Structure formats: structure tokens, C-alpha cells
Amino acid sequence: MAQSLYMVGVLVGSAVFGILTDRFGRKALLIWCYLQMAVMGTCAAFSPNFTTYCIFRFLTGLAISGISLNSATLCTEWIPTNVRAWAPSGYSYTTGQFILAGVAYAIPDWRWLQLTVSLPFFVFFLYSWLFVESARWMAVSGKPEQAVKGLRKVARINGKMEEGAKLSTEDLKSNMQKELSSAKSSHTIMDLVRTPVMCRISYGVSFIWFSTSFAYYGLAMDLQNFNVNIYLTQLIFGAVDFPAKFISFLTITFIGRRFSQAFSLILAGLCILANIFVLPELQILRMIFAVIGKGSLAASFNCTYIFTGELFPTVIRQTGMGLGGTMARAGSILAPLVQLTGEFSPSLPLIIYGVTPIISSTITCLLPETRNMPLLETIDEMER
């Protein structure tokens, strides 16, 4: 129950923070989410009863959505397209899995464990004030002066003070005249489906996020039948991310986003389906297929954040990311319910878990390739 409510919080957070961030900025919401994560996580550790614990876990889920989506968008809007896939965020997730397994083994008491993983977010909250707001967002939101100020700060950090000093509001407006003239003062979630191209992208992205999360938690459901030590499983599942994400980075950078997304999804689906034909006694072989499937889904998630951020224009990018995050949570909530179909046939859950990402891989092929393409700023640009 607590885990389900946490997932509901992540779902609601994806929708709410996605819309709010496009209106109020990436940095402000990210700072708030770090603080909320720290406070709610700490409060959960001191919960006097189960109901209170569930409430704090729900609010923690809200915060983690804001952190993951805002971090991805801020990276997308600051990092050049040719090196965007090499941003270290993917390996940070994997490193976190390793640390969590060790910390959980060392601290068996859940209250102390909850407190240990929550307190660092107070540190993250403090240093997040040093982040630089997205210059793209500020420019298309009618704040060119602040955009130039942010660009100068980044130029100074990069040792380009002379180039930064030459930047001016007039230069920015001149270079972005077309984007600024077509940018609306505000956007709503309905803009995601208002035009034909936006509609196609929104539906495609939604299915990718849904199927990746749905298959991931379906794989987790199947792991319960493996009778493997939980700490060892955490380490193995964390270890496979390193080679999987490295291969993903190579294909994303040198082949393309669309290929990487489609290939990782179809490989994950095939690995899940393969376990239908493996006898329960062959635990090692079943674990191998599960590990490869998990690595493929980790690569899919890694590509999804980059691909989604590049597909949506700046004025509604975070809302689009929020849509994807919401669909991912819908997948994670529905995944356990598929286990009920096992009453009709023991293989039916794995068939559903495996077929869904394979269908999604074909839908991915209908989306445009974004490798080495400049980020678009407005919906009009996207339509053109």
C-alpha cells in the first residue's frame, strides 16, 4: 500500500510539476523539490503510525518527480546536442543503486535507513541555489535580460569571460527574433495535442514511457519467483546498468536516438518473452534473461529522457516531460494488476509484459530523429 501511494505521488508530481515548471522555471521548482524531498523523507522516518507514513511517502513521490524531470530538462537545455548523451546522470542513478544496496545491508532498521537516505537532500537543496536557470526558458518567457545574465555566468564558468562580456540583450533578441515573435505568454497541457505534429509526438512519447515502466515493473514482479537474495539482486541489477548505459550512450551519440530507443525496447520485450520457455528450475538462465532485460530497460529510460527533451519545444518541454512521467507511473501502477491474468494462464502476464515494449518499439519508428538537431523553441517551429 505504501509503495502504491508513493507511485501515485510520482504520477501526480509528473503532471503538476511538468506544468508548473514551464510557467515558473526549472531552477525554482527544482530547489523546492529538493527541500520537499528532504523534509518529507525525514518526517517519514519519524512517522508515529502507518497512515502518517503513507502520507509522507506520497509527498516524497511528488518531490522525486520534480527532481528527476527538472534535472533532465535543465541538462537538455544547457548541454550541446553532440555531447548530451554523455551527461553523467544515467551513471548517477546506477551508482545510487549500488550505494542503496550497501547502506540497506548495513542499516537493517527501516527508520534509520529512511533517515540516512533523506538527510543528504538538505545538502542538495543548499547547493541547488548555485544552479543557473535555463537561458532558453528565460528567453522565450519574456526575460531576455535574465537570459543574458545566465549566459554570461556560464561563459565565466567555462573560462569564456571575453565572449560572455560581448553578449547583449539586443544580440539575443536579434538571434531569436522568429522564436520570440511566435512564443505565447503561457501554454497549457492542451497544447500537447492541439496541432498534428505535437499530437503525434505526445502520443508516441506517452507510449514509450508507459511501456518502459510497465515492462520494468513486470520484470520486477517476475523476480519474486526467483528466490534470490534481495541485496544480491540489487547489486546485480545495478551492475548491468554500467555496460547497458555505456552501449546506449554510444548508439545514442553515433547512430541516433530513435534507433537506440526502438532497439532497447524490442530487446527488453524479447528477453521477457524468452523466460516463458525457460523451466523454473533453470534459475541462472532465467536470471540472465532478466538481467539483460533490465539492462535494456535502463538503456531505454536513459534514451527516453534525452529523446523526449529534444522532441518537445522549449515553451512546453517540461509539460511534455511531465506527460511522459505521468504515463510511466500509470505503467508502474498497472503492472502488478497484470499478475491477476495468471489465473487464466501462467504465461499470460509475461506475454503482456513482453509484447507491450515490442509494440512500443514500432511506434518509436514513427517519431522524428533528433540526433545533431538544434533544440526547437516554439510549437510553430515544431510544426514547420
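The values are calculated or read from the model by the stated rules, or taken from the named source; none is laboratory data. Remember, it's a predicted structure, so these values are computed and weren't measured experimentally. Note that we place each Cβ from the backbone using ideal geometry, even for glycine, and neighbour counts take in every protein chain shown.
List of remarks:
- Helices (runs of 4 or more DSSP H) contained in region 206-289 and holding at least 1 residues aliphatic (A, V, I, L, M) and under 26 Å from residue 366 (Cβ atoms): 241-254, 257-274
- Single unsatisfied condition, residue 133 versus (1) charged (D, E, K, R); (2) in a loop (DSSP other than H, G, I, E, B); (3) over 30 Å from residue 245 (Cβ atoms): (3)
- Highlighted here are the helices (runs of 4 or more DSSP H) found entirely within region 1-118 that include at least 3 residues which are under 19 Å from the mean Cα position of the chain (by Cα) and in the same structural domain as residue 189 (by TED's automatic domain parsing): 2-24, 26-45, 50-78, 89-106.
- Residue match in region 270-288 (condition: touching an Asp or Glu at 6+ places or on another chain (Cβ under 8 Å), surrounded by 21 or more Cβ atoms within 10 Å (Cβ to Cβ) and either within 30 Å of residue 105 (Cβ to Cβ) or outside the structural domain of residue 377 (by TED's automatic domain parsing) (or both)): yes
- Test: residue 128 is among the hydroxyl-bearing types (Ser, Thr, Tyr), in contact (Cβ under 8 Å) with a residue 60 or more places away in the chain and out of contact with any strand residue (DSSP E or B) (no Cβ under 9 Å at 6 or more places or on another chain): yes
A quick yes/no check of all residues on (1) farther than 15 Å from residue 329 by Cβ; (2) modelled with pLDDT of 90 or more; (3) crowded, with 17+ Cβ neighbours inside 10 Å; (4) out of contact with any Lys or Arg (no Cβ under 8 Å at 6 or more places or on another chain):
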{"position": "2", "(1), (2), (3), (4)": "yes, no, no, no"}
{"position": "18", "(1), (2), (3), (4)": "no, no, yes, yes"}
{"position": "49", "(1), (2), (3), (4)": "yes, yes, no, yes"}
{"position": "58", "(1), (2), (3), (4)": "no, yes, yes, yes"}
{"position": "68", "(1), (2), (3), (4)": "no, no, yes, yes"}
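- Checking residue 315 against (1) more than 25 Å from residue 289 (Cβ to Cβ); (2) in contact with a Leu (Cβ under 8 Å, 6 or more places away or on another chain), the condition it does not meet: (2)
- Residues (surrounded by fewer than 23 Cβ atoms within 10 Å (Cβ to Cβ) and closer than 22 Å to residue 97 by Cα) located in region 251-269: none
- When residue 52 is tested against (1) under 28 Å from residue 216 (Cα atoms); (2) free of Cβ contacts under 8 Å to residues at least 40 places away in the same chain, only condition (1) is not met.
To keep it simple, each residue is scored yes or no on (1) acidic (Asp, Glu); (2) under 25 Å from residue 323 (Cα atoms); (3) modelled with pLDDT of 85 or more.
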residue: 244; (1), (2), (3): no, no, yes
residue: 248; (1), (2), (3): no, yes, yes
residue: 257; (1), (2), (3): no, yes, yes
residue: 266; (1), (2), (3): no, yes, yes
residue: 276; (1), (2), (3): no, no, yes
residue: 280; (1), (2), (3): no, no, no
residue: 296; (1), (2), (3): no, yes, yes
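- Only one entry of 333, 351 meets the criterion of being under 23 Å from the mean Cα position of the chain (by Cα) and touching a residue at least 60 places away in the same chain (Cβ under 8 Å), and that entry is 333.
- Residue match in region 26-43 (condition: in contact (Cβ under 8 Å) with a residue 12 or more places away in the chain, of a type in the set (Val, Ile, Thr) and farther than 26 Å from residue 138 by Cα): yes
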